[in-house]
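Inspection log for the structure reproduced underneath, given as structure tokens.
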Amino acid sequence: MKADLLKGCCHCGAVQFEVRTAVVPAARCNCSLCRRRGALMSPPFEAAELTITQGEDALTLYQFNTRVAKHFFCKHCGIYPFHQMRKDPKLWRVNIGCLEGIDPYTLEAGLSDGASLSIVEDA
């Protein structure tokens, strides 16, 4: 698993970031939020590997269920660029679809069982 410095942004470009992470093994999550948003996520990485280079004020936070995970969205275009994990809050994942030069449809993905971490049914 090689960690490259990658650039990314939301759809409208208001939120821009750099992240040092590998893109494989990529993962999808089966929690209620991830099932609905359908994003392909990077492997987990330490918070220090993510730098928001523009638009921190354009981010909005969404939390649900245990309120441990922090899911960030652009308040202008609604795209989810990254989140802090529920299973280990020291780790983050990025939406691979937001990364420059990476086609998420070319990557195989495993499944992260976020649904089993929920304390509320279907969360």
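The values are calculated or read from the model by the stated rules, or taken from the named source; none is laboratory data. For clarity, every value in this text was computed on a predicted model and none was experimentally measured. Because the Cβ atoms are built from the backbone with ideal geometry, glycine has one as well, and the counts that use them run over all protein chains shown.
Of the residues Ala27, Ala115, Ala48, which is surrounded by 15 or more Cβ atoms within 10 Å (Cβ to Cβ) and not in a strand (DSSP E or B)? After applying the criteria, what remains is Ala115. If you go through the stretch 31-45 and keep only what is within 14 Å of the chain's Cα centre (by Cα) and either loosely packed, with under 13 Cβ neighbours inside 10 Å or more than 15 Å from Trp92 (Cα to Cα) (or both), you end up with Cys31, Leu33, Arg35, Arg36, Arg37, Gly38. From the list Arg93, Arg67, Arg20, Arg28, the one residue that fits, being modelled with pLDDT under 95 and under 14 Å from the mean Cα position of the chain (by Cα), is Arg28.
Inside the stretch 51-77, can you point out the residues that are farther than 16 Å from Arg93 by Cβ, in contact with a strand residue (DSSP E or B) (Cβ under 7 Å, 6 or more places away or on another chain) and in a loop (DSSP other than H, G, I, E, B)? If you could, list the steps in order and put the result at the bottom.
Residues of the stretch 51-77 farther than 16 Å from Arg93 by Cβ: 53-58, 60, 64-67, 74-77.
Restricting the remaining residues to those that are in contact with a strand residue (DSSP E or B) (Cβ under 7 Å, 6 or more places away or on another chain) gives 53-55, 58, 60, 74-75.
Correct list: Gly55, Lys75.
Would you confirm whether or not the stretch 11-31 contains a residue that is of a type in the set (S, T, N, Q), touching a strand residue (DSSP E or B) at 6+ places or on another chain (Cβ under 9 Å) and over 16 Å from Ile102 (Cβ atoms)?
Step one: filter the stretch 11-31 for residues of a type in the set (S, T, N, Q), giving 16, 21, 30.
Filter once more, so that each one left must be touching a strand residue (DSSP E or B) at 6+ places or on another chain (Cβ under 9 Å): 16, 21, 30.
Applying the additional criterion that residues be over 16 Å from Ile102 (Cβ atoms) yields 30.
Checked the stretch 11-31: at least one residue is of a type in the set (S, T, N, Q), touching a strand residue (DSSP E or B) at 6+ places or on another chain (Cβ under 9 Å) and over 16 Å from Ile102 (Cβ atoms).
Restricting to the stretch 1-24, name every residue that is assigned to a loop (DSSP other than H, G, I, E, B), surrounded by 17 or more Cβ atoms within 10 Å (Cβ to Cβ) and small (Gly, Ala, Ser). Selection gives Ala14 alone.
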